[in-house]
1. Can you name the residue in the stretch 273-292 that is more than 26 Å from the chain's Cα centre (by Cα) and over 12 Å from GLY181 (Cβ atoms) and is also surrounded by the fewest Cβ atoms within 10 Å (Cβ to Cβ) among such residues?
2. Do we have ASP434 as charged (D, E, K, R), over 34 Å from the mean Cα position of the chain (by Cα), at pLDDT 95 or above and not in a helix (DSSP H, G or I) here?
3. Taking the condition of being closer than 17 Å to PRO350 by Cβ and surrounded by fewer than 24 Cβ atoms within 10 Å (Cβ to Cβ), how many residues in the stretch 563-579 meet it?
4. Does VAL153 count as in the same structural domain as GLU194 (by TED's automatic domain parsing), in contact with an Asp or Glu (Cβ under 6 Å, 6 or more places away or on another chain), buried (at least 22 other Cβ atoms within 10 Å of the Cβ) and in contact (Cβ under 8 Å) with a residue 12 or more places away in the chain?
5. Kindly state which strands (runs of 3 or more DSSP E) lie completely within the stretch 168-233 and contain at least 1 residues that are of a type in the set (S, T, N, Q) and under 40 Å from the mean Cα position of the chain (by Cα).
6. Looking only at strands (runs of 3 or more DSSP E) that fall completely inside the stretch 875-975, which ones have 3 or more residues that are under 22 Å from VAL814 (Cα atoms)?
7. If only one of SER395, SER339 is hydroxyl-bearing (Ser, Thr, Tyr), in contact with a strand residue (DSSP E or B) (Cβ under 9 Å, 6 or more places away or on another chain) and surrounded by fewer than 22 Cβ atoms within 10 Å (Cβ to Cβ), which one is it?
8. Six or more apart or on different chains, Cβ under 8 Å: which pairs go from a residue in the stretch 563-574 that's hydroxyl-bearing (Ser, Thr, Tyr) to one that's modelled with pLDDT of 85 or more? Could you list them?
Amino acid sequence: MALFAATLTLGLGAQSAVTRAATRAIASTAPEFYVEYFTVSYQSTLTIQTSGSAGATDPVLHLLRDNGDGTFTQMAYSDNWSGVEARISYTNASLAYSRFLLVLRAKTYAASGTCNLLKSGRSYRSGVPVGGNMVTASAFIFNTGDELRTVHVPGGSVAPALLKFSTSAGDMISGVGLGNGVGGSSVLSLAGTELHFLVGTPWLRDGAAYLTPRAGAANVMSNDVASDTDGDGIGNALEATLGLCAGTSGCPNAADGHGRDTDRDGLSDGEEVWGVGGTLTDGIDDLPFARWGANPKKKDVFLEVDYLTGIGGVLGTNTNPFQWLRDHPTGYLGNWQGSPEDWFDHASEPFEAGPNSHLHNPDSSDGVAIHLDVGVAPTNPANESEFGDWSSGSSRALVPDFIINVLDAIDGDVTVAINGVDATFDATGYTPADIGIILGFAVASTGEPVRLKSYTDNGDGTATTIFEAGEHGVHFTRALSVPSGYQDAVSTPGEDSVSLRAHYLNDADQVDVIRIGRVRYAATTGVYGGGQTGGAAFSAGLAHGAFIHELGHTLALEHWGHGQWGTFGPNCFPQYQSMMRYGGPPFRFSDTEGVDSLDAGAMPETETFGAGYDHSVYSPWPYYYTATSSTVDWNRDGSVSPSGTYWRTPGLTIYGSGYSSCGAFVQGRDRIVPSADVVGPVDLVRASTRLYAFWATGSTLEYKFATLGSQGDKSCTGTADPASGACLDWSSTFTLLSGSTYLGVSSLNFGGDLFLAYNNSSNGLVARKLTVNGNGTLTVAGTWSMLTANAEDRSAFAPELVEHHSARYTGAMVMLFLSEAGTYRYYRFTGTTWIESYNLLDSTGSPISGGDSPAAIGWPDANAAGFAASEKRTVAILPDSSGNLRVYVLNYDTPWDWAQVSLGSLGTTEGKPFMAYRHQRQADGAPRTDFPGQFMFGRMAPCDGGHCAYVRFTAQTSRTNPPGAAMTTTYVADYLQNVWAITQPGTSAALYGDSTLDNVFGLSPHSVKLTSEYGLNFYPHADGSPEHAYGIRSDFRVMEDGICSVIGGDRAFACGGVNVLD
């Protein structure tokens, strides 16, 4: 390993004599020598002699009695019995012992070779090794009570053994160490009188078993274990020799100031040098870290990489992807072509670039060394410091669970198949909970190696039954079939990342217990990207970007770096040149020494990062800002402002049609109703100086309110900086309506009054007029129930209230809805009542059909001054029958003519769409002349097993260029919330903005996918421009702490404080 290459520059090599000053550590070689166990019964004689020693070979024989307590006593010795040949003849005179060890070695290193063995004069063994490396004890500094240990070297001897001699002639073996250390290394206690040592690799025969381990280099150390101040297993004098910390003095970067972990990587110095003994009796789970490249003076990251047995594709089942790479060097695994060595070399590149000034490696080297247990050995043993097939008692193959959710009753036969063996039962008349139980018996009846892992009655009329492999690592095929028409009564989702990662801490058959807190864990789930991390474990695809990104999370890195930078999102900072960010990240980690800072609420477009910085890097994919070497059009308005002008940006997100999950709108998220169970769409509306949030629960309609602040502070009464606190102070929850059914809500401030509309379980539509009391509470001032006699007047979807701008109905309020007949229609409010519904007609006069709730806003909003009635527009999203978003603008001159705007594909929604107009503002909150801004079109996009609110911007619209046929969209888009925070089923999000607000606000009901976000969540910066300076620093300074701190907690290893700025 690098430690010894640097420290022990005078190894013995092929020399048998030591010609340098004594030390406590030497680099040696451990050539093969021969040992064999014999059973010699009482009064029986064993005669062994060598023959056929050719050339310089000079064999020496020792016979030792096995005392049964780990010690040996020499009983016979022979050298040069006949020429160079040796012969031993020994008669056992003891009833107490019958097991003996024969040692065949070379007299000197130069006298190595091979020979044959005769037993009782007859040919017995041929071509056995005559070797070992005799070292004089004067090469070492040692005292009584010290230990002599062998230490692995990557690519060297896998079982370096020790023999000690107490006579000057080397004819008396006084101690034997044959693999009694960790992972095949050896250790001997020293009496202080030893005169020689033999270092070698034993080819060991014991009965029928014959072990011929790889020989090679090894390090040998005398350990003054009695003077171990820091308790890491290495004595103070040896630590001084190796340049390690024996305590806190002179070791400012050691873990927790105790000195046990000089390089602060979560492994103590003793663990990195000696290794860690496992918990299994055969030692198969030992952790010989030195063999795998550990260096106690350089940060190491060890990672076990398991693989799902059902990845499929070219891998099929039960195929280790790294073995596939070995077997198919010219094939493609996903987008990767190359050997396992090539894959590892590429994976390690970002880590190797870390400057030591950030990492504080005690050996002054750059980079972090990563070591992967992939279950496949390198072709060159010297590369086992990079990756390999490490000893382990557990399986590398990870069989995914078979999960069956029974969601409804089933009439007819249900068939479950395991490995092609069917088990069928009639589910008629059984509840979902019963069916879940019966499935357990059905699977057991197949007789296949599968066992029930868990059964859960979910308490809501559904049940979940989970099966796992009966034998770890042995894949099983699975299938479930139900009668036609009952496909929605069951689901069989794949095992999720949380469950896969749980194997690390909770499954000793999958991950050796001894590895927890020392070796990180990865479950590879595919050949491309994707992944999730929790603590020291992650799941990911094998694409390098995804794999190293998730590994970075286990080193304390977030998508925005680290919170101590003063940064906590978004996920796609353009100046964060790190693979940890989302959105076309470079294949590298950030190593900036300065602080590259962006404040989305106050962005200068000229020399944002100062003179000399090349701002044109933000021009290409994935951001596509209009940029030069000194300027960036951050607000995407088509022009660049001079120095001294600061803009609010429309979100630090990428430019692309894919799902970026940049978190541009999520900053400052406030879970205002943690326990809210929401039904249908929610809504936000302003009434004077207050903002109201409305939502339905099915049996009630509820609300909260908050007082708004002034322009210039994002209309916050608290703080516009999400790092400093909440934007708004929300009231308690009030129940506005109860006693009926409420399946979604729409709200509008019309003429200074608040109005609500909702649909009920009878598909009836209801409107309410509200009075705002002085204390902010609401009371109902009027109720209108719409017609229900005809399908054209009823709706199973939530309606939308909007101001209707047309020459015929100037400034009227209408209720848009999707009728049971499948067409979009509207009711119009006269001021006292609602007029019967009419179809919305397209430009050809045909009714507009659709498939989901409409969304609409009036442009400009009612608070905007100076607009003639003919300048105003009503803009609506009317999804088609497949959920595809379509944008329509009402023709002012013909109130029935809705013209569809050609915007290309905006995606599909599986829930009510939502929208707002984001006004272009400078940092002081002042609006611009000409009313410029962008429409934000939102939809409920499928994501992660549910739905997520997704927003896309149009290009800039203004009074000069009003919404209409000339509108265009951009590919600036992002989720309203984090991609993992799915909404509650059947619900939808809401946006609200107007010309007097210095913001766009959002509201979204989150599901239980992330329990920390479950309930109703308010987004105070849904415009994408929170007032916070997001600074970027070095990822490697984060790793300097996180390599230890993330994994150390899994075994209570003290790593010290976290300061990622030092």
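The values are calculated or read from the model by the stated rules, or taken from the named source; none is laboratory data. On a predicted model such as this, the values are computed, not experimentally measured, just so you know. Virtual Cβ from ideal backbone geometry, glycine too; neighbours counted across all protein chains shown.
1. Going through the qualifying residues, I end up with THR281.
2. no
3. Result for the stretch 563-579: 2.
4. On the way: in the same structural domain as GLU194 (by TED's automatic domain parsing): yes; in contact with an Asp or Glu (Cβ under 6 Å, 6 or more places away or on another chain): no; buried (at least 22 other Cβ atoms within 10 Å of the Cβ): yes; in contact (Cβ under 8 Å) with a residue 12 or more places away in the chain: yes.
Against the criterion (in the same structural domain as GLU194 (by TED's automatic domain parsing), in contact with an Asp or Glu (Cβ under 6 Å, 6 or more places away or on another chain), buried (at least 22 other Cβ atoms within 10 Å of the Cβ) and in contact (Cβ under 8 Å) with a residue 12 or more places away in the chain), VAL153 does not qualify.
5. So the answer is 216-223.
6. Working: elements: 887-890, 897-901, 914-919, 933-943, 946-954, 969-975.
Where strands (runs of 3 or more DSSP E) fall fully within the stretch 875-975 and carry at least 3 residues being under 22 Å from VAL814 (Cα atoms), they are 887-890, 897-901, 914-919, 933-943.
7. Details: SER339 fails: in contact with a strand residue (DSSP E or B) (Cβ under 9 Å, 6 or more places away or on another chain).
Only one candidate qualifies: SER395.
8. THR567/TRP560; THR567/GLY561; THR567/PHE573; THR567/TYR1030; THR567/GLY1031; THR567/ILE1032
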